[in-house]
Amino acid sequence: MSDFTFCTVQYDSGDWDSAPLVPANLIDSVARYTSISVAPTGVIVPLGSAELFKYPLAYLTGHLPVRFSELERRTLGEYCGRGGMLFVDDHNHDIDGVFHKSAHEEIARAVGPLKELPNTHALYSSFFKFDDGPPATTHELNGWGDNLVHKHLLAVMRGDRISVLYSSKDYSSEWGYHPDNKRFLSVDNTKFGVNIVVYALTR
Amino acid sequence: MTILERVERARRTLRATAIAAAALRGLAAALGILLLSATVDAFVSLPAGARRLVPFVAAATAIALFLRRLSRAGVRADAGSAALWIEARFPSLRYALVTAVDPRYEGRVPEIERAAAQVSFEPAVRRAARRALTGPSIAVAACVLVLLVLPAGAVARVIRPAAGDALSRVRAGSRTNPLASMVVRVSPPAYAGLRDESFDNPASVRALVGSAITLEGVAGDGQVVATLGGSRTSASPSGDRWRLVLAMPSAPAAVRLHAAAHERLLVLEPVPDSAPVVVLTAPARDSILRKPSGRIRLSATASDDYGLASGAFELIVSSGGGENFTFKSRTIGAATFASRSGELAATISLDSIGLQPGDMLHLRAIVRDRNDVTGPGTGTSDTRTLRIARADEYDSVAVDPSPPPEAEKNALSQRMLLMMAQALEKKRPQISHATLVGESRSIALDQTRLRKRVGEIVFTRLGEDTGEQGDAVQKRLDQQMNPDSVLAAADRAASAAAGTALEGDHDETPLLALNRPLLEAYNAMWSASGELEVGEPGKAVPFMKKALDALQAARSAERIYLRGSTRAVVVDIDRVRLQGKDKGAPGARTPRPAADPSRDDRIRRFDAALRLVRTAPSAAVDSLLLLRLDLLDRDMAAARAIETAANTLRGGHDATSALIRARRALTSVPSAPAPLTSWGSPP
């Protein structure tokens, strides 16, 4: 079996590369907690490229308005239709921000409307157990962005499986540090990322 | 009255009688066809297409019969034919009448005219006219009588067939199944501008979301109740009919109609109103502007399936960077539309927006349609981004004057030394040898100093620590890197760099390759210094020229700016593998479902419906309709095939071929548009 490779989505509009350390941090966590065979570096794949179909999980973030081209929209729809899972995180952590609004629109056009994901969903127990749903980030607790602690993640479901997972919690900031610095944390805050990877690979 | 006038009157009477009789026969035939069709339709519902043909067939038959009868009538336009008709009925005339009316003998034989005048043939003409008209008149009257006796709806169904007249042939009654015959009228929302439509006994109805669906049937056994989703609606009585109004939902649904022991399904198939399609035609592409000033023309085209309502351009200005972004938005160029397509145009003044360096201006067109029921649908164009360049990135968009780089300074100095050496060589015959050597060594000293400066540049780029006083460079220049070794390193670098990228395995190699011209200059300067040291400026000039050329080459070398690439973090998987303190609690893994797990279930349901076809056809139809409902959003071809089969079954016809097609559509192997590659590592 091939190694799992973390894939970051590059889209034409916006700042898709605003969280360059998140892939390495999650790769480190996947290796640290699981026996999943994982590639040591991630890849960056244009959203409009058929290369995307090689990766079961794709990560998309940014601060700026997201406007997909027709090709990107079509590729994303096909990617989700073929069983791929897109994890979108609002780096603005602001539900009144342009990323949130524009990404919602684009995801609705490409895949379908986002709906609240119940906190009892299998995603929260796919590896680590998160009884209260998605873990809060320091950005939420500090009152930055929209000054909200979001109770739910959003998702586009295809059957009983998540096709698009959307977070307003700004995990991109929370996980945006060099993995070697993980030793300074009393509690690893990237464990939820492991759940996302494990869910994408096993469900 | 002369005999000729009497015969002419008889001819007119006979001719009129023949025409009237032919017309009555044609009319009787047409009425007979209508009567026959209405009678057959009363027992076996004729298809609407067949009923639409009936009036044409009746008219064509009437005309054909009329013409045929008229052509076979014995009396024509001349008096001779009437005289012959009379002679045939009065043989005693012995052709006296024919002779009397013949123009060739008119007035010449009075005896014949007198003999003909004695015969009274008018009563015979009248009797013949009555006989000819009586039969057809009775037939017409009988047909009219029967048609009047038939229900008005039944006759109207064949005279003026129209969609939705299925109820005309059904009579209300306490034993009548109120769901046996049903008409569905669809009234699309007003904004769509579509006409109302009616359907007789449809199995499913396709209509725009929000359309009013009116179900109508003949009152009969029990109250009609419709169940749609979780809501129940009772039909309201309207004369001897029941009526029920529903709204077309946004998702396919089945309406279950109940009345006493009767049940019927109706599939509602919504047609969504598409959002407008918007194309931003100007500006054509993203761009970077040096200054936030000037005017930009915006234009966009839009189209919609039912009609556009309004549109505008949206501008979003994002300022800041990193974690701190601010946004402000506005709209310009608002316009209203009254058609299905339109254009938007506007001009923006960048000065009025207040853009700052580093700001980004996002432009897009937004158009809304006229949908006031489930909308309005909003269409947006792709976004164009205009960025205002920051001052520190002008070199990538526009270059301001700046001090010359070090290489250019060296070039100027080398040119000066070259000119000094050439001048010294030129005045060599006029000066003494000692003076020549002294001035030559002075130039050599400057040449050596310049050589060391070039060396500093080269080795600083290579990452060497030159030290505050340049001791390391001096040491390297003087002890380790003689010209041969430097050139050898340059050759190796150049040859190695040809096959490697800038970020190759060895950090020095590409940089040495980039410094190759400087290393050549360095070597040439070394040789020039040697010649100058021994008082041979003429021999030093070629080396100095070579050094100057090399410096020029270095000055004009391509400059490469590396921007935006972040340093890749490579995780040491082996080091961190399973070093996490928390091991998690993974749940039981379940494999991913097959590509289409419901396919087998659908085939099972289809087979179950087939088993009901012989014993309970209506239940089989309902099962097929429910199966079609599930297929509407995933397999349209199979849904259509099943709809055809269900309609065929409901019409009581042989549905074998339709069912075979439906099963083939259900069981066809799904194909992917392109072969899937396995999940894998980057190529």
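Before moving on, here are some points about what is shown:
- Condition check for A:Leu165: within 13 Å of chain B (Cβ to nearest Cβ), closer than 22 Å to A:Thr34 by Cα and surrounded by 15 or more Cβ atoms within 10 Å (Cβ to Cβ): no
- Given (1) surrounded by 23 or more Cβ atoms within 10 Å (Cβ to Cβ); (2) facing another protein chain (nearest Cβ under 7 Å); (3) in contact (Cβ under 8 Å) with a residue 60 or more places away in the chain, index of the condition A:Pro56 fails: (1)
- Looking across A:Leu64, A:Leu47, one residue alone is closer than 23 Å to B:Asp286 by Cα, within 7 Å of another protein chain (Cβ to nearest Cβ) and not polar (S, T, N, Q). It is A:Leu64.
- Failed item, numbered, when B:Gly587 is tested on (1) within 14 Å of chain A (Cβ to nearest Cβ); (2) modelled with pLDDT of 70 or more; (3) surrounded by 11 or more Cβ atoms within 10 Å (Cβ to Cβ): (2)
- Among residues of the stretch A:1-58, those that are within 20 Å of B:Gly580 (Cβ to Cβ), part of a loop (DSSP other than H, G, I, E, B) and of a type in the set (A, V, I, L, M), counted: 3
- When B:Arg577 is tested against (1) modelled with pLDDT of 85 or more; (2) surrounded by 12 or more Cβ atoms within 10 Å (Cβ to Cβ); (3) closer than 18 Å to B:Thr667 by Cβ, just one condition goes unmet, and that condition is (3).
- Qualifying residue in the stretch A:77-87 (condition: more than 10 Å from chain B (Cβ to nearest Cβ), free of Cβ contacts under 8 Å to residues at least 40 places away in the same chain and assigned to a helix (DSSP H, G or I)): yes
- Filtered by the rule that a residue be surrounded by fewer than 20 Cβ atoms within 10 Å (Cβ to Cβ) and at pLDDT below 90, the stretch A:4-17 gives A:Asp12, A:Asp15, A:Asp17.
- Test: residue in the stretch B:294-313 that is modelled with pLDDT under 80, closer than 30 Å to A:Asp146 by Cβ and in a strand (DSSP E or B): no
- Going through (1) modelled with pLDDT under 65; (2) surrounded by 13 or more Cβ atoms within 10 Å (Cβ to Cβ); (3) under 30 Å from B:Pro283 (Cα atoms) one by one, B:Ala407 falls short only on (3).
- Within the stretch A:181-194, if we keep just the residues that are buried (at least 23 other Cβ atoms within 10 Å of the Cβ) and either more than 10 Å from chain B (Cβ to nearest Cβ) or not hydrophobic (A, V, I, L, M, F, W, C) (or both), the residue that is nearest to A:Gly83 (Cα to Cα) turns out to be A:Gly193.
- Some residue of the stretch B:554-566 being within 14 Å of chain A (Cβ to nearest Cβ) and either modelled with pLDDT of 65 or more or surrounded by 13 or more Cβ atoms within 10 Å (Cβ to Cβ) (or both): no
- Residue in the stretch B:1-46 that is modelled with the lowest pLDDT, counting only those that are of a type in the set (Ser, Thr, Tyr) and out of contact with any Leu (no Cβ under 8 Å at 6 or more places or on another chain): B:Ser45
- Failed condition for A:His178, given (1) within 11 Å of another protein chain (Cβ to nearest Cβ); (2) within 22 Å of A:His121 (Cα to Cα): (2)
- Picking from residues in the stretch B:173-197 that are at pLDDT 85 or above and among the hydroxyl-bearing types (Ser, Thr, Tyr), the one that is surrounded by the most Cβ atoms within 10 Å (Cβ to Cβ) is B:Tyr191.
- Residue list for the stretch B:318-340, filter: of a type in the set (A, V, I, L, M, F, W, C), assigned to a strand (DSSP E or B) and more than 10 Å from chain A (Cβ to nearest Cβ): B:Ile332, B:Ala334, B:Ala335
- Close pairs from the stretch B:536-550: first among the acidic types (Asp, Glu), partner surrounded by 18 or more Cβ atoms within 10 Å (Cβ to Cβ), Cβ under 8 Å, at least 6 apart: B:Glu536/B:Ser440
- Of everything listed in (1) touching a strand residue (DSSP E or B) at 6+ places or on another chain (Cβ under 6 Å); (2) under 24 Å from B:Arg650 (Cα atoms); (3) assigned to a loop (DSSP other than H, G, I, E, B), the single unmet condition for B:Asp221 is (1).
- Of the helices (runs of 4 or more DSSP H) entirely within the stretch A:91-203, those holding at least 1 residues that are out of contact with any Leu (no Cβ under 6 Å at 6 or more places or on another chain) and within 30 Å of B:Ala275 (Cα to Cα) occupy A:98-110.
- Scanning the stretch B:364-379 for residues that are facing another protein chain (nearest Cβ under 10 Å) and buried (at least 21 other Cβ atoms within 10 Å of the Cβ) yields B:Arg364, B:Gly379.
The values are calculated or read from the model by the stated rules, or taken from the named source; none is laboratory data. What you are looking at is a predicted structure, and each value in this text was computed from that prediction instead of being measured. Ideal geometry is used to build each Cβ from the backbone, glycine not excepted, and the neighbour counts take in all protein chains shown.
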